[in-house]
1. Multiply the residue gap between T370 and Q426 by 0.36 nm, knock off their C-alpha separation, and tell me the result in nm, one decimal place.
2. Report ³J(HN,Hα) in whole Hz for each residue of region 40-47, in order, from the Karplus equation J = 6.51 cos²θ - 1.76 cosθ + 1.60 where θ = phi - 60°; Gly and Pro get x.
3. Hey, what's the Cα Rg ratio for region 186-273 versus the globular rule of thumb, 2.2 N^0.38 Å?
4. Working out 0.36 nm times the residue gap between A311 and I203, then minus their Cα-Cα distance, what length gain in nm do you get to one decimal?
5. Which residues does the label zone of H247 cover in region 279-308, counting backbone N under 20 Å from a point 7 Å along Cα→Cβ?
6. Holding the Cα-Cα limit at 29 Å, pick out from K205/K287; K48/K194; K274/K312; K137/K352 the pairs that are longer than that.
7. Measure off 7 Å from each Cα along the Cα-to-Cβ vector at R236 and I215, then give the distance between these two points in nanometres to one decimal.
8. In nm, give the distance between the simple-model label positions of H445 and Q463, each being 7 Å from the Cα along the Cα-to-Cβ direction.
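Read-outs: derived from the displayed coordinates by stated rules, not from any lab. Source: prediction; values computed, not measured. Cβ placement follows ideal geometry from the backbone for every residue including glycine, while neighbour counts extend to all protein chains displayed.
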Amino acid sequence: MTSSLKRQLSGETRDSDEKRLQVAVDVGENEYSSVAVLVSLIPGKEGKYIVKGKPTTKIGRSRACDIALAEPDISTLHCELCVLTVTIDGYQRRLVNIVDRSRNGTFVNGNRLVKRDYILRNGDRVVLGRSCSFLFKYLADNEEEHPISASSVPTQGENNSDQFKKPTLSSQDVVRRPLSAQRPTFLDRFIVGKELGSGHYAIVKEATDKDSGDIVAVKIFHPQRNDDQKKTKQFREETKILMSIQHRNIVKLIDRFVEPVSKAQIQTYLVLEKVSDGELFDRIVRKTKLRQEETNAIFTQILNGLRYLHAKNIIHRDIKPENILLSIRKRQHTEEQQRGPWDDDEIDITIKIADFGLAKFIGEMQFTNTLCGTPSYVAPEVLKKTGYTSKVDLWSAGVLLYVCLCGFPPFSEQLSPPSMKEQILQGKVAFYSPYWDNVDDSCLHLISNLLVVNPAFRYDVQQTMNHPWFSDNSYLARSPALMSRQAIDESRIPKTYSELSSLQ
Ligand code: ADP
Ligand code: MG
């Protein structure tokens, strides 16, 4: 600790006021309670500026500013701090929005705000111009009831006095009490770690719960426009339903946070159970295709999860190998008994379905358009945009089953003509020789009953689970194939996932 900071904390007076931070304060400022502090990181100018709950705090070189900074690279009015009272997940909270007004720039964590606003978070580093940098921190709810550390707060108006003001309790503090049920923000509760994956709308990272030490996954959505209160409310209600979901084959949604990042934008965080052993997609890529017994065991678990979701009227809508995660129990001893048809070094695999139920939040149109953009797994009725039911998941499950067993998708541009979209709309599926020669007829029968264009005639989840492929293990004692395996010119066979990924 520098000597000047020590002096300030002990309330000692200093010989010179030259380096003292200057704060000009509006008349009546004491009526406002404190919301946050800017801790000065300016060399030789240690101290804190209090951000009061008044609508706007002006920072700049002008003496008329609430926080006056003398440095030459600071604009007359450099930036404004606007206190917003927002409702986050039903709790009221006061947040500070920083708006740039400068010539030389206002930077938050190294990023320049170009005449833009940004809602500050605990620990943000705010740099004004080149010379003035600060650490931003919200005050804890009741912190104000105690004098702020004897205080390192520079005084108002009493110009050359070195007395540090003790915050006064005003009538505002009493009014503020209902706000005390403030909910911690996402970053108050979690430390964000390495990236686990990313998709169309979000990036998924590891995070540690600061209280429990639990490791979780957090899905951080790209910032969205905050123009629709109704949508936010709907999101809260829908995620509440998703949070009630409890099934071993479905990734658990632990919590969610919707927080403003600027006046116009919000950021959503979904806190999820972390699933450690990657996507089914990577397993297919690594092995080129999966053994029939293994596929059967994986598919059984996917159906268990889907049956649970469909019973609760939740449609996944984006079943594909990237959204199927694996939790693998590795073998520790040679004598350990395997619990399924897994690889030698694996004792058991639990399948977890990820990434569901948020279509409404993302926006029905946008979500459907994204699905239709790469339609490999999309049911014909989704492409036609004529309405859909839970049967869309069974179509996608049929595509997934096909991919697992041969390593390439049933519908693709490589198989054109007709185009991939047309193949889907016509339900044009074929089992090519030699790729399907060793797959049991009963499995081909099942796939043929999933990839049915008319959803009314397509199997539902229970019919799928009742299919003989799950009870009759005839594929283990192979019988001659009865269903036709179509011959095909090799060059038309789509690239397998592993070939595709080696090309990338
Ligand atoms: P998107 O909607 O953007 O596709 P996902 O929820 O599918 O987002 O997540 C993207 C990727 O992040 C997944 O494919 C997976 O690799 C990884 N991921 C998602 N959720 C988890 C989780 N709970 N645990 C571990 N990794 C995850
Ligand atoms: Mg996904």
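1. Going from the current span to full extension adds 18.0 nm.
2. 5, 10, 6, x, x, 10, 5, x
3. Numbers: Rg = 13.2 Å, N = 88, 2.2 N^0.38 = 12.1 Å.
Computed over Cα atoms of region 186-273, the ratio equals 1.10.
4. On the way: separation 108, 0.36 × 108 = 38.88 nm, distance 2.94 nm.
Between A311 and I203, full extension yields an extra 35.9 nm.
5. Those under the cut-off are 279-281, 295-308.
6. Details: K205/K287 26 Å; K48/K194 33 Å; K274/K312 23 Å; K137/K352 39 Å.
Over 29 Å apart, Cα to Cα: K48/K194; K137/K352.
7. 3.4 nm
8. 1.4 nm
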